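*Asks:* After the structure tokens below, expect a handful of questions from me.
Please treat every number below as a calculation from the coordinates, not as lab data. For clarity, every value in this text was computed on a predicted model and none was experimentally measured. Positions of Cβ are backbone-derived with ideal geometry, glycine not excepted, and every protein chain shown enters the neighbour counts.
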Amino acid sequence: MTLPQDAIIDIESAEYLADYRLLLRFSDSKERIVDLGSFLRNSLNPMIKKYLDLDKFKNFSIAHGDLFWNDYELCFPIADLYEGRI
């Protein structure tokens with residue numbers, strides 16, 4: 001699934017599945033399961049690694065089409081999530 005050129009795509013909803021996987025639903029009706037586990041485990045940044053705590057990981061938000069944690073302390077580009085490039 002590749003983001004269409006010049007498309008404005010937002011994340012409309014995110015659902016926690018298990019471990020570090022989320023089901024994302026985009027404004028063009030596409031859905032993608034993203035697994036952020038490898039990214040979190042391989043990070044050297046303690047501000048990112050703290051989201052290996054599942055209670056913290058599950059506490060994500062969506063606003064203005066963005067998926068983020070703790071007032072944008074952790075967030076990902078929508079295009080990368082849409083294309084599954086984490």
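*Asks:* Would you calculate the separation in nanometres between label points at residue 80 and residue 56, each defined as 7 Å from the Cα along the Cα-to-beta-carbon direction?
*Replies:* The two pseudo-label positions are separated by 1.8 nm.
*Asks:* Please report the net charge: other residues with Cβ closer than 10 Å to the Cβ of residue 50, K and R +1, D and E -1.
*Replies:* 0
*Asks:* I'd like the Karplus ³J(HN,Hα) series for region 35-48: coefficients 6.51, -1.76, 1.60, θ = phi - 60°, whole numbers in Hz, and an x wherever there's a Gly or Pro.
*Replies:* Using θ = phi - 60°, the values come out as 10, 9, x, 4, 4, 5, 5, 8, 5, 9, 7, x, 5, 8 Hz.
*Asks:* Work out how much length residue 43 to residue 29 would gain on full extension: take 0.36 nm times their residue separation and subtract the Cα-Cα distance, in nm to one decimal.
*Replies:* Here the answer is 1.9 nm.
*Asks:* Which of 21, 32, 41 moves most in a GNM of the chain, Cα contacts under 10 Å?
*Replies:* 41
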